[in-house]
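Below you'll find the structure, written out as structure tokens, and then a few comments.
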Amino acid sequence: MKNKSITAAIAACLLLTTSAFAQVRPEPREPKGPGPEREMLQEVTAFTGTVGNFVYNDDYVYDGFVLKGSSATDTVKFGPAMGAQIRNAVKEGSKVTVNGVARTNPEGVRHIRLVSITANGNSISVTPPTPPAVPVTETTLSGSGKITALLKGKRGETNGFMVDGNTILRFPPRTAEQLSEKVAVGNQISYSGALKAANSNEVAAKQMRIIHCSTITINGTQYLTR
């Protein structure tokens, strides 16, 4: 009889312990990383003013313009694929209203990321680039010429070479810095790489051949750059 009582007591204790564990649930953990719920909202503000000169990126493709407002002058930036549409609708001296997001870069310079623009009663909204109907075939070529300039990025880093005044050679950032220690303006070099395909939606300030280099030969020594 005593053994039965002990067995029943142990069973009761086990049942209570199991119930207690079942009722204790771990608190849900807050998701880590930059998930959508952690992204900051970006306020779109209206800016009015007069269009100044258009600006272009390191490949000489237009990607913005200067907006002269009543109290400030800002640079409005848009994707290069919007270049043809915006340049056809907006001219220097045009009165425009820009809806965009103001941002300040690490150097303390403010620019406005374009969302939409209204000029002469017509509005243009920024849309994602449309993939080409036919996949672009990469063109590989080789050539040689004289280095006419070492190209620099916004922070002063070397990001490419100008060859013969009409060809830009592009390399990965660290590779460009290493190569810049081996060449000087006026050096003859040879190269091979992939030619950047033309895009009818882009507008160039100056027609350039942009080549993403695979190899470059300097003073008889060839280097693999990709």
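Of the residues making up the range 86-112, those that are assigned to a strand (DSSP E or B) and free of Cβ contacts under 8 Å to residues at least 40 places away in the same chain are R103, T104, R110. Just to be sure, is V44 modelled with pLDDT of 95 or more, of a type outside the set (S, T, N, Q), surrounded by fewer than 18 Cβ atoms within 10 Å (Cβ to Cβ) and within 20 Å of K206 (Cβ to Cβ)? It is false that V44 is modelled with pLDDT of 95 or more, of a type outside the set (S, T, N, Q), surrounded by fewer than 18 Cβ atoms within 10 Å (Cβ to Cβ) and within 20 Å of K206 (Cβ to Cβ). Across the range 199-226, the number of residues qualifying as touching a helix residue (DSSP H, G or I) at 6+ places or on another chain (Cβ under 7 Å) and without any contact (Cβ under 8 Å) to a residue 24 or more places away in the chain comes to 0. Inside the range 48-96, residues that are over 22 Å from S200 (Cβ atoms) and either surrounded by fewer than 18 Cβ atoms within 10 Å (Cβ to Cβ) or modelled with pLDDT under 95 (or both) make up a count of 17. The set of residues in the range 130-155 being loosely packed, with under 12 Cβ neighbours inside 10 Å and not in a strand (DSSP E or B) consists of T130, P131, P132, A133, V134, P135, V136, T137, E138, K154, R155. Restricting the first member to the range 52-76 and to residues that are outside any strand (DSSP E or B), and the second to residues that are among the β-branched types (V, I, T), the beta-carbon pairs closer than 7 Å and six or more apart or on different chains are D59/I168; D59/I210; G69/T48.
Can you spot a residue in the range 168-184 that is assigned to a strand (DSSP E or B) and over 20 Å from the mean Cα position of the chain (by Cα)? Within the range 168-184 (the criterion being assigned to a strand (DSSP E or B) and over 20 Å from the mean Cα position of the chain (by Cα)), the answer is no, since none of the residues qualifies.
Kindly indicate whether any position in the range 110-129 is in contact with an Asp or Glu (Cβ under 6 Å, 6 or more places away or on another chain) and modelled with pLDDT of 90 or more. Yes, that holds for at least one residue.
For the range 156-181, filtered to residues that are farther than 30 Å from N88 by Cα and touching a residue at least 40 places away in the same chain (Cβ under 8 Å), the residue that is surrounded by the fewest Cβ atoms within 10 Å (Cβ to Cβ) is P172.
The values are calculated or read from the model by the stated rules, or taken from the named source; none is laboratory data. Please read all numbers here as calculations on a predicted model, not as lab measurements. Every residue, glycine among them, receives a Cβ derived from its backbone with ideal geometry; neighbour counts consider all protein chains shown.
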